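Participant: One structure follows; several queries about it will come next.
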Number of protein chains: 2
Amino acid sequence: MGRTPSTREIPEATVARLPVYLRALQEVAGAELATISSERLAEMAGVNAAKVRKDLSYFGSYGTRGVGYDVEYLLFQIRRELGLTHDWPCVIAGLGNLGQALANYGGFQDRGFVVAALIDSDPAKVGTKVNGVVVCHVDDLADLVADRAISIGVIATPGAAAQEVADRMVAAGITSILNFAPTVITVPDEVSVRKVDLAVELQILSFYNERRSGQTGGPSGLENAG
Amino acid sequence: MGRTPSTREIPEATVARLPVYLRALQEVAGAELATISSERLAEMAGVNAAKVRKDLSYFGSYGTRGVGYDVEYLLFQIRRELGLTHDWPCVIAGLGNLGQALANYGGFQDRGFVVAALIDSDPAKVGTKVNGVVVCHVDDLADLVADRAISIGVIATPGAAAQEVADRMVAAGITSILNFAPTVITVPDEVSVRKVDLAVELQILSFYNERRSGQTGGPSGLENAG
DNA sequence: CCGACTTTGTGAACAAATGAACGAGGCCGG
DNA sequence: CCGGCCTCGTTCATTTGTTCACAAAGTCGG
């Protein structure tokens, strides 16, 4: 058991919002006053103020009544809670369009996620470099993961290959997977998976769009659904 | 009011799952039997069977008891429900790493989302072609949207530019926005926004990862959280 | 035509998440 | 030191979403 007060169960919905608060706080850090109210933070994060207060209360974070939250302290708390006090080495599998874009994307490194390895099954790609990192063959996955203490895997392969890559990642000891392939992958319970599917997002938008044009006069759609 | 039985309010959570069902159905279409059970569909979509049945029941879709759902008919229903009976022209704003990858990504066109226009604010990029489409200046946005009947905008700019681009899109008449920029954007109520943030996803994974390693013996994380 | 077997559709219990409301606790001006 | 003011932390009612469990409705073999 950790020594932190954070052992209390934190709701999934709250966890998903912490990164958003984090970003907002980073934006005001230094520049503005040293404290921020739940109201202001809520506005920046695009949520309700009561929600912010409740979310933050889960890990016993002290704001000061009448004043607000100390920005620096809150930043520290959220970072600690999210496990961002150290870097996370990641491996990206599949260096097609998307994989390469991800490998080149600065926003990763910025936020403590280091591209520690790249893998692909195409021999033509193996040995080339992307953003300074050598592409290895998928067979070397296990070694790479062990050597470089990688715990996060990003799947950017075509759908057909996703499950196999996921299996290999799990076998290699990876515990968290971010899946961009347009397929549902199955993993053991103790592995976390999150899925990002561009086409799905567009189709959801399409639904509300269609509704709008269909029902004359009845607007309203959805708000920032993350 | 439409003539379909689908005017009943469909829960947001259900809408978000329809594209997943759609994909699963496309996979079995033709190849296997002409019908599919809720159980099988649930397995493919990575959800609970009861959920599938309830979801499908919202738009009065007829399965046949004792048999299952007719794959082709269900495909048609879901497509219609999602407004995928016609193509949707989209505009992508911001042709950095991610924007270019998106423009080149086949999975879009495949599913009825046509990249009808590309825009950027960098004069050096204007006039070049990406995947056969000419990059235009952001000032031409309004004209492009009007000319090409664009209703979906994709923001792939740096965070700092996102809000302004969103404002311009809204002004130009776009009603749905997919936001990849790491910023919360504010739009009028009648515009739908969905946000995809890679760093946020990784940070969520990081949270559960940290938890796992922190609490010896207490595994469990989250399942395919969409 | 009947009875066994499947699988849907849905009512109801349960769980999670939200948002409003308000008391408690702390600052500040006088 | 005190009263007014601000903002957090928490409680509660409501809404939304999930899951179970079972009757209804259909198929199929004989």
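Participant: Distance in nm between label sites at A:Arg80 and A:Ala146, each 7 Å beyond Cα in the beta-carbon direction?
Facilitator: Result: 3.5 nm between the two label points.
Participant: Consider the operator that turns chain A into chain B: which A residue has a Cβ nearest its axis, and what is that gap in Å?
Facilitator: A:Ala101, 2
Participant: Another question about this same structure. Would you please give the residues with an amide H less than 5 Å from that of B:Cys90, counting only those at least 5 places away or on a separate chain, with H modeled from the backbone geometry?
Facilitator: For B:Cys90, whose amide H was placed from the backbone, the distant partners under 5 Å are B:Val114, B:Val115, B:Ala116, B:Ala117.
Participant: Taking the Cα centre of each part, how many Å lie between region A:30-77 and region A:161-196?
Facilitator: Cα centres, region A:30-77 to region A:161-196: 34 Å.
Participant: Can I ask one more? Once amide H atoms are placed 1.01 Å from N in the peptide plane, what residues at a sequence separation of 5 or more from A:Asn48, or on another chain, have their amide H within under 5 Å of its amide H?
Facilitator: When sequence neighbours closer than 5 places are left aside, there are no close amide H contacts.
Participant: Now, a different point. Under 5 Å between amide H atoms, partner at least 5 residues away or on a different chain: which partners does B:Thr128 have, H built in plane at 1.01 Å?
Facilitator: Correct list: B:Val135.
Participant: Let me ask you something else. In chain B, what is the count of Lys pairs whose alpha carbons are under 27 Å apart, counting only pairs at least 8 residues apart or on separate chains? It would help to have the intermediate numbers written out before the result.
Facilitator: Details: B:Lys51/B:Lys195; B:Lys54/B:Lys195; B:Lys125/B:Lys195; B:Lys129/B:Lys195.
Count of close lysine pairs: 4.
Participant: Rounded, prolate or oblate: pick one for region A:120-192, where a ≥ b ≥ c are the square roots of the eigenvalues of its C-alpha gyration tensor, a/c under 1.5 means rounded, and failing that, prolate if a/b is larger than b/c, else oblate. Intermediate values should be presented prior to the final figure.
Facilitator: Working: a/c = 1.99, a/b = 1.31, b/c = 1.52.
Verdict is oblate for region A:120-192.
Participant: Under 1.5 on a/c is rounded, so check that first for chain B, then, if it is not, pick prolate when a/b is larger than b/c and oblate when it is not; a ≥ b ≥ c are the square roots of the alpha carbon gyration tensor eigenvalues. Can you show the working numbers first?
Facilitator: Working: a/c = 2.09, a/b = 1.35, b/c = 1.55.
Here chain B falls in the oblate category.
Participant: What is the protein assembly as shown by shape, rounded, prolate or oblate, if you read a ≥ b ≥ c off the alpha carbon gyration tensor as root eigenvalues and call it rounded for a/c under 1.5, prolate for a/b larger than b/c, and oblate otherwise? Could you put the intermediate results ahead of the total?
Facilitator: Values: a/c = 1.26, a/b = 1.15, b/c = 1.09.
Judged from the Cα gyration tensor, the protein assembly as shown comes out rounded (a/c under 1.5).
Participant: Assuming R0 = 60 Å, what is the FRET efficiency of A:Thr128 and A:Arg65, from their Cβ-Cβ distance, to the nearest 0.05?
Facilitator: Numbers: r = 57 Å, r/R0 = 0.96.
It comes to 0.55.
Participant: Put a label point 7 Å from Cα along the Cβ direction on A:Pro158, then list its distances to the equivalent points in the other copies in nm, shortest first.
Facilitator: Reported distances to equivalent positions: 3.6 nm.
Participant: Still on this model: Just to confirm a number: summing +1 for Lys and Arg and -1 for Asp and Glu over residues other than B:Pro89 whose beta-carbon lies under 11 angstrom from that of B:Pro89, what do you get? Walk me through the numbers before you get to the answer.
Facilitator: Values: positive: B:Arg148; negative: B:Asp87, B:Asp147.
So the environment of B:Pro89 carries a net charge of -1.
None of the figures in this text is laboratory data; all of them are computed from the coordinates on show. Just so it is clear, the model here is predicted, and its values are computed rather than measured. Cβ: placed from backbone, ideal geometry, glycine included. Neighbour counts: every protein chain shown.
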